[in-house]
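Here's the structure, in structure tokens; my notes come after.
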Amino acid sequence: MSDTPWYKKIGFGLKRTSERLTENLSSIALKAALDDETLDEIEETLIACDLGPGTAGRIRERLATERFPQGVTELEVREVVAQEITKILEPVAKPIEIDAFPRPQVVLVIGVNGSGKTTTIAKLAHWFQELDYEVMLVAGDTFRAAAIGQLKVWADRLEIPIISGAEGADAASLVFQGVKEGTAQGTDTLIVDTAGRLQNKSGLMDELAKIRKVLGRLNPAAPHNVILVLDATNGQNALSQIEVFKEIAGVSGIIMTKLDGTARGGIMVAAAEKYGLPIHAIGVGESMDDLRPFDPEAVARAIVGLPHK
Amino acid sequence: MFGSLSERLSGVFDRLRGRGALTEDDVRQAMREVRIALLEADVALPVVRDFVNKITEKAIGQNVLKSVTPGQQVVKIVYDALVEMLGAETSDLNLAVNPPAVILMVGLQGSGKTTTSAKLGKQLKEKDHKKVLMASLDVHRPAAQEQLATLGTQADVPTLPIIAGQQPVEIAQRALTSARLQGYDVVILDTAGRLHIDQLLMDEMKAVADSSNPAETLLVVDALAGQDAVNIAKSFSEQVDLTGVILTRMDGDARGGAALSMRAVTGKPIKFVGTSEKLDGISPFHPDRVANRILGMGDIISLVEKASETIEKEDAEALAAKMAKGRFDFNDLKKQFGQMRRMGGMGALASMLPGVKQIKNAMANGQVDDRILIKMEAMIDSMTPKERIRPELINAKRKIRIAKGSGTTVQEINRLLKMHQEMSSAMKRLKKMGGIKGLMKMLGGGADGGVPPMMPPSGGIPGLPPGFGGFGRK
């Protein structure tokens, strides 16, 4: 649909961030070594990008050991910061591979309410379709009003089959039916939607564990992917989301959504540093093809306001 | 909510209070820690900067450091500044206009507008006895209008019939017209979620606001929001005349930074907070109480209010009479469990009580949760009526029977018995201290007055029985 290169699109959102960063960093005087004041400013700027005080502090420490005998320009400072961020992000950039045998590859999508699960599923389905894989959906969010309807609309638009039940139905049994159906039809991928849940609600989290168990009963390898959808506008709480969902549902990878706003998703950096979970893709808009592979360097450069290479 | 922020801050303040004299350096060091604690709680950077500068300046003022209790004084300064940052007074909706009063709900996608609309509608209908009509203007997200309709049915609040293909401004007009014709007091307009940089959608929102002349324009913000919350709030308040903020998902374990930044950024009060997924999960925002909670002083006023809302009066009186006699049997214990559940479970209780860190920690680690209440109720249910009244009857054989009946183990029965024993001896102690009246005095003393005294965690907190912590560990 749109021909805008994806990095320009996050650039669009991240631009504002970068503007702020640029503002802050251009005020940094050009000195041979970074003094405390400059380092403070960099640290604060990184915190304002949701990197969190911990990660920001460590980047600051690394910068403090750098020496610039010939003096340093503002641009160079940015390059150095971008490199530091890239170093943290690089190891976690891994796309989703469809390699399950026997088919289908079961992809469970989880997250807190409002993080963008359902929309992400639609985008993911579209992505798989583009790669010439067959997709089937399971409307496992039987809790939120009209969630099933929302996913059905997407399934219609994408012309893919969808397994759904009544509102309030048992999600686990629906998932069971989905895997059975998917296996019978030999579809390549089965994407399972789940109800949004806050990570501190033990009842709902138990349901998730149950879904996992039911999946494993039909196909020991399923779910092949457990994708946690994270909202880029969430702050440090995203770390707690990762921690709890990882323990209960065995998260295998992350998709970061809503990066087309002014949110910088700096939390990705903190998450990569702390948990090292693969980041599969980022969401940069509301249309179907607004899901992009995660490119660490581009994201790092966008965060600090440098043009895409 | 606020748990980890509260923990960090109380650590800092404990150190301050522990000293007789304070130097300027001590205060500065403490303020640096406050700064990091606030940033980790996702309070917006500019707000943190302001806040820390303000309290540092006040705290190193000469009167403070020379006073007899400098540590206490610094805590008071922080408390005052927190209340100021949160907005000093509780503010309600202003719906005193020519009816129908329009409430416009705006915010990002996924912030919880639709659910909050339904909650608000339900509350206005049930508590304020208003006739409320809801209409969804979300023509963008698939099935969004159906979602509000479904929620409306659940909440028993009428929604505007959906006409496919209508544009937001038209829907708003239709809602207003039918509200006027059918004599509705309040119309809640739920708009589509939008990114604050999406000018097209922002214009649409402005057009709706212009044509419907809302009495209240409420920005719905996710309490999980990070540093970006500032940008969101700023751009929305630049586009429309906000009258207030609703924070959703305060029941998550977010550290509540957004709550602290919102007032400072928008200049508008936080009017409500969303506290659960259920349709009655919305409550007014009390800045002073939140400040208390953040500083680890608990929120006893809310607890007492909640208790009086949910506990049936006769039950409470009967229990009080029994307690006065020093008798407390398993029937009473079971009733108490039921009350605790109705009050929002142990999490809600623990978050409002001061100094129950142990329980809070146990809950955070997943060692104690509401299922324990259910389990214990099951054990009591498996007792004979006689056993419930006279627990001393329960011998080894009976324990085995009860364990089998409730699907638990004898060890768990033993723990329940021990807990009951501890509770009844606590009740007896209480009786010696002057019974219920003495207890109320104790509670009231902690809650009244501008700055609550930072009392050490007292042992005898009612509601949460002693020995609870031990019970949770499996």
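Where in the range B:194-292 are there strands (runs of 3 or more DSSP E), lying wholly inside it, with at least 2 residues that are more than 14 Å from the chain's Cα centre (by Cα)? So that I can check it myself, show each step before the final result.
Details: elements: B:216-222, B:244-248, B:270-274, B:282-284.
Counting at least 2 such residues, we get B:216-222, B:244-248.
If you scan the range B:37-71, which residues turn out to be among the β-branched types (V, I, T) and at pLDDT below 85?
B:I60, B:V64, B:V68, B:T69, listed by residue number.
For the range B:194-205, which positions are under 20 Å from B:G112 (Cα atoms) and in contact with a helix residue (DSSP H, G or I) (Cβ under 9 Å, 6 or more places away or on another chain)?
So the first thing to find is which residues in the range B:194-205 are under 20 Å from B:G112 (Cα atoms), and the list is B:194-198, B:201-202, B:204-205.
B:R194, B:L195, B:H196, B:I197, B:M202, B:E204, B:M205 - these are the residues of the range B:194-205 that are under 20 Å from B:G112 (Cα atoms) and in contact with a helix residue (DSSP H, G or I) (Cβ under 9 Å, 6 or more places away or on another chain).
Does B:T115 count as out of contact with any Pro (no Cβ under 6 Å at 6 or more places or on another chain), of a type in the set (S, T, Y) and not assigned by the TED database to the domain that holds B:G274? I'd like the intermediate steps shown before the answer.
Details: out of contact with any Pro (no Cβ under 6 Å at 6 or more places or on another chain): yes; of a type in the set (S, T, Y): yes; not assigned by the TED database to the domain that holds B:G274: no.
Answer is no for this residue.
For A:L124, indicate whether it is part of a helix (DSSP H, G or I) and crowded, with 21+ Cβ neighbours inside 10 Å. Before the answer, list the steps.
Working: part of a helix (DSSP H, G or I): yes; crowded, with 21+ Cβ neighbours inside 10 Å: yes.
Taking the combined requirement at face value, the residue satisfies it.
How do the pairs read when you match residues in the range B:402-421 that are closer than 12 Å to B:M376 by Cα and among the polar types (S, T, N, Q) with residues anywhere that are at pLDDT 90 or above and not in a helix (DSSP H, G or I), using Cβ under 6 Å and keeping only pairs 6 or more apart or on different chains?
Close Cβ pairs (under 6 Å, with a partner that is at pLDDT 90 or above and not in a helix (DSSP H, G or I)) amount to B:S406/B:S382.
For the range A:218-272, what are the residues that are within 14 Å of chain B (Cβ to nearest Cβ), aliphatic (A, V, I, L, M) and in a loop (DSSP other than H, G, I, E, B)?
Residues satisfying the conditions are A:A232, A:L259, A:A263.
For A:I148, only one of the following conditions fails: (1) under 23 Å from the mean Cα position of the chain (by Cα); (2) away from chain B (no Cβ under 14 Å); (3) free of Cβ contacts under 8 Å to residues at least 40 places away in the same chain; (4) not in a loop (DSSP other than H, G, I, E, B). What is its number?
Answer for A:I148: the failing condition is (2).
Being aliphatic (A, V, I, L, M) and over 14 Å from B:F330 (Cβ atoms) is the filter here; which residues of the range B:401-429 pass it? Even if it seems obvious, please write down each step before you answer.
Of the residues in the range B:401-429, the ones aliphatic (A, V, I, L, M) are B:402-403, B:410, B:413, B:416-417, B:419, B:423, B:426-427.
Within the range B:401-429, B:A403, B:V410, B:A426 qualify.
Table: residues versus (1) surrounded by fewer than 19 Cβ atoms within 10 Å (Cβ to Cβ); (2) modelled with pLDDT of 80 or more.
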position	(1), (2)
A:M1	yes, no
A:T4	yes, no
A:I10	no, no
A:S18	no, no
A:L30	yes, no
A:I59	no, yes
A:Q70	yes, no
A:D99	yes, yes
A:I110	no, yes
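Can you confirm whether the range B:26-37 contains a residue that is under 31 Å from the mean Cα position of the chain (by Cα) and more than 30 Å from A:L51 (Cβ to Cβ)?
Looking through the range B:26-37, none of the residues is under 31 Å from the mean Cα position of the chain (by Cα) and more than 30 Å from A:L51 (Cβ to Cβ).
So that you can scan it fast, the table gives a plain yes or no per residue for (1) farther than 25 Å from A:P223 by Cβ; (2) part of a helix (DSSP H, G or I); (3) in contact (Cβ under 8 Å) with a residue 24 or more places away in the chain:
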| position | (1), (2), (3) |
| --- | --- |
| A:L34 | yes, no, yes |
| A:P53 | yes, yes, no |
| A:A100 | no, no, yes |
| A:L108 | no, no, yes |
| A:G114 | no, no, yes |
| A:T118 | no, yes, yes |
| A:Q129 | no, yes, yes |
| A:M136 | no, no, yes |
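With the requirement that a residue be closer than 26 Å to A:L291 by Cα and within 13 Å of chain B (Cβ to nearest Cβ), what does the range A:195-217 give you?
A:A195, A:G196, A:R197, A:L198, A:Q199
Looking only at the range A:220-255, count every residue that is farther than 21 Å from B:L247 by Cα and out of contact with any helix residue (DSSP H, G or I) (no Cβ under 6 Å at 6 or more places or on another chain) and tell me the total.
Here is the first cut: in the range A:220-255, the ones farther than 21 Å from B:L247 by Cα are A:220-229, A:242-255.
Subsequent filtering for residues that are out of contact with any helix residue (DSSP H, G or I) (no Cβ under 6 Å at 6 or more places or on another chain) retains A:220-221, A:224-225, A:227, A:243-247, A:250, A:252-254.
Of the residues in the range A:220-255, 14 are farther than 21 Å from B:L247 by Cα and out of contact with any helix residue (DSSP H, G or I) (no Cβ under 6 Å at 6 or more places or on another chain).
Looking only at the range B:197-230, count how many residues are touching a residue at least 24 places away in the same chain (Cβ under 8 Å), within 14 Å of another protein chain (Cβ to nearest Cβ), surrounded by 22 or more Cβ atoms within 10 Å (Cβ to Cβ) and out of contact with any Cys (no Cβ under 8 Å at 6 or more places or on another chain).
10
The values are calculated or read from the model by the stated rules, or taken from the named source; none is laboratory data. All values derive from a computational prediction rather than experimental measurement. Backbone-built Cβ (ideal geometry, glycine too); neighbour counts: all protein chains shown.
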